[in-house]
Amino acid sequence: MTRTLRFILGDQLSRSISSLDGLDKDADVVLIAEVMEEALYVRHHKRKIAFLFSAMRHFAEALRAEGVTVDYRRLDEEDGARDFTTALSDAIARHQPEQVIVTEPGEYRVLAMMRDWAETMPVPVLIREDSRFICPPDIFARWAERQKSGLTMEYFYREMRRRTGLLMEGDKPVGGAWNFDAENRKPLPARMDLPARPAFAPDAVSEDVLRLVEARFGEHFGSLADFAYPVTAEDAERALDWFIENALPLYGDYQDAMRQGAPLLFHSNLSALINAGLLDPLDCCRRAEAAFRAGAAPLNAVEGFIRQIIGWREYVRGVYWLKMPGYGELNALEARRELPWFFWSAETEMNCLAQAIGETRDHAYAHHIQRLMVIGNFALLAGLDPRQVQEWYLVVYHDAYEWVEMPNVVGMILHADGGYLASKPYAASGAYIDRMSDYCRGCRYDVKAKAGPDACPFNYLYWDFIARHRERFARNHRMGVVLKNYERMSAERKAEIESDAARFLGALR
Ligand code: FAD
Ligand code: DLZ
Ligand code: SF4
């Protein structure tokens, strides 16, 4: 008889996941299930589904090779389960376990299901903490409660540095400062070569999955062409090795840069591997720190990389669990505009958006500044409906799960939480994109022009956004200078901004 049924979800593919702690290979069964509902609750990018199904199948094989009994439910089986609840109840009926063990999930929606299982399943269901994260939700909640004048990621990050000991010398930060972000804003020199990336060619398992995804989800957004992303822990480790050696040294300098046709630059492209469990986040940070200590990567790069992981990544997760349920409904700026069709087609004359959305369609990836300062900036300035923007970000990126997507959208790009996660909106005119990229050269709009049909739309949308929300921003001391600049404009200039913005936004489909 099965003693314990251990249910592992698609983004929990770590051998050290807490639901496997104490695994008894002779008596326990591990359940992994491809289910329709998870692919359809939003219509995920084809590449994300292919990556996860292939990684799940490979993970099951690796467990079997260790002698573990795995009950793997495939989507294309005749008696395949439609959702997690059916997959679990069928497996309980098959294996008759004494208990079920799961690790807490990455989405509130699934946590609600798990809590329900504890009530409705015929055996006890134990939900264990997800120990892959450094800061458990209750510790984050206590930290947040102590912040009397609002949350600041930087202070949280320092706590995480102390907690992990990363880049510390006793109780002092290595290099005498906590943050070297000021060094990490260089545009990419035009002639700079980029390192060639390793490709992980699909094996027979992945080929099978690619056929399945094309057949069952062929109408979903995105392309499966040239799929070459790691799907095993071993290949994920190789991708990490490659990054540490070849891209990390320049990661900091060009972290915010963008170049036409080059989505990755010096970024790691490890997020989907970390989020699905193929890489351990703390291990990635330790590897980066070791490169710094060995003199193979500079401090601004290594500190920047580590800050994204133990700072931002942990911080947004903390905010998600603290504010759920309800965080996704916030709309402090009362943004109601429909998502324009070009978010799906990439057909827009705004070259920066066409590039970032086209790369998203082709790779299920765009780097942080494309997500934040191009697509996100547009969504903020145009006043797009936060629910629709959230759904888009959850669909299109291969690393997207609600715990990380939602706070980045609601808090970081749309300011829909009224400044809870980030006190100031990340709004910018075309000048920022021009400084950090080569997109404007190939654009039908003129980034230097401020008004009229040929002017870069970011230029007037920026001021129109400030004008629309000036009463709210008057209460935000970080917006003081911007507001003063707006107030100093002539009545004619203000009217011109309003009419340019109305013309552009009115023509959006
Ligand atoms: P790198 O630049 O190499 O960064 C290293 C690692 O830091 C990443 O792999 C990631 O694990 C972590 N990281 C960096 N920034 C963030 C951040 N803001 N929040 C959380 N982790 C971070 N990241 C996701 O993993 N899933 C998402 O669904 C997601 N949605 C986003 C939506 C918006 C609107 C924005 C602005 C950002 C979003 N991010 C998301 C964060 C970030 O853009 C991606 O983690 C990053 O682009 C992934 O590429 P990379 O692995 O090359 O990152
Ligand atoms: C995203 C996803 C998809 C597309 N399919 C599955 C699946 O079939 N089986 C599974 O276990 N997990 C899948 N996932 C990931 C889940 O949606 C994810 O585990 C939850 O959203 C919790 O983060
Ligand atoms: Fe984007 Fe404006 Fe530059 Fe065109 S001109 S690429 S719209 S920033």
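Protection proxy ranking, highest mean first, for peptides 300-306, 211-217: 300-306, 211-217, where packing is the per-residue count of other beta-carbon atoms within 10 Å, averaged. Computed from Cα positions, the angle between helix 314-323 and the longest principal axis of the chain comes to roughly 80 degrees. Using R0 = 35 Å, the C-beta based FRET efficiency linking R162 and A332 works out to 0.60. Label-to-label distance, A296 versus A346, with points set 7 angstrom from Cα along the beta-carbon direction: 3.4 nm. In whole Å, how far is the Cα centre of segment 320-386 from that of segment 33-102? Spelled out, the Cα-based centre of one part sits 31 Å from the other.
If you take the Cα centroid of segment 408-439 and the Cα centroid of segment 233-294, the two points sit 24 Å apart. Over all directions, the projected convex hull of the C-alpha atoms in the chain averages 24.6 nm² in area.
Could you state the angle between the C-alpha long axis of helix 233-242 and the longest principal axis of the C-alpha atoms of the chain, as a value from 0 to 90 degrees rounded to the nearest 10? Taking Cα atoms only, the helix is inclined about 30 degrees.
Our estimate of slack between L508 and E98, defined as 0.36 nm per intervening residue step minus the Cα-Cα distance, is 141.9 nm.
Placing +1 on each Lys and Arg Cβ and -1 on each Asp and Glu Cβ, with no other charges, gives segment 342-506 a dipole about its Cα centre of roughly 740 debye.
Charge dipole of segment 4-128 (Cα centre as origin; +1 on each Lys and Arg Cβ, -1 on each Asp and Glu Cβ, all else neutral): 500 debye, rounded to the nearest 20. Projecting the Cα atoms of M1, A427, I357 onto the dipole axis of the chain, where Lys and Arg carry +1 and Asp and Glu carry -1 at the beta carbon, places A427 farthest toward the positive end.
Panel note: the C-alpha atoms of segment 130-254, placed on their principal axes, show extents of 53, 43, 27 Å (largest first). Between the C-alpha center of segment 461-490 and that of segment 166-204 there is a gap of 34 Å. Label reach from A27 (point 7 Å along Cα→C-beta): in segment 126-152, no amide nitrogen lies under 12 Å. Cross-link pairs exceeding 20 Å between alpha carbons, from the set K424/K448; K424/K484; K424/K494; K450/K484; K148/K323: K424/K448; K424/K494.
Across segment 475-509, the residues whose backbone nitrogen lies under 17 Å from the label position 7 Å along the beta-carbon direction of T152 are 476-480.
In terms of packing, defined here as the mean over residues of other Cβ atoms within 10 angstrom, the peptides 253-266, 190-203 line up highest first as 253-266, 190-203. When the alpha carbon gyration tensor of segment 4-128 is reduced to an equivalent ellipsoid, its three semi-axes come out at 20, 18, 14 angstrom, largest first. At a Förster distance of 41 Å, what's the computed FRET efficiency of H368 paired with R3, Cβ-Cβ distance as r, to 0.05? Using R0 = 41 Å, I get an efficiency of 0.40. The ranking of T103, T232 from fewest to most other beta carbons within 10 Å of each one's beta carbon is T232, T103. The long axis of helix 137-146 is offset from the longest Cα principal axis of the chain by roughly 40 degrees.
The simple Förster model, with R0 at 56 Å and r as the Cβ-Cβ distance, assigns D79 and S490 a FRET efficiency of 0.20. Each other residue within a Cβ distance under 10 Å of H415 adds +1 if Lys or Arg and -1 if Asp or Glu, for a net charge of +1.
Net charge around L330, counting only other residues with Cβ within less than 13 Å of its Cβ (Lys, Arg = +1; Asp, Glu = -1)? Counting the neighbours of L330, the net charge comes to -2. Residue exposure proxy: M56, M36, M324, ordered by other Cβ atoms within 10 angstrom of their Cβ from fewest to most, comes out as M36, M324, M56. Only helices enter this figure: runs of n ≥ 4 DSSP H residues, each worth -39500 (n - 2.57), summed and divided by the residues of the chain, yield -12500 deg cm²/dmol at 222 nm to the nearest 500.
Oblate is the label for segment 342-506, because a/c, from the alpha-carbon gyration tensor with a ≥ b ≥ c as root eigenvalues, is 1.5 or above and a/b does not exceed b/c.
Each reported figure results from applying straightforward, stated rules to the coordinates on display, with no laboratory input. What you see is a predicted model, and the numbers here were worked out from it, not measured in a lab. All Cβ positions, even for glycine, are placed from backbone atoms using ideal geometry, and neighbour counts span all protein chains on display.
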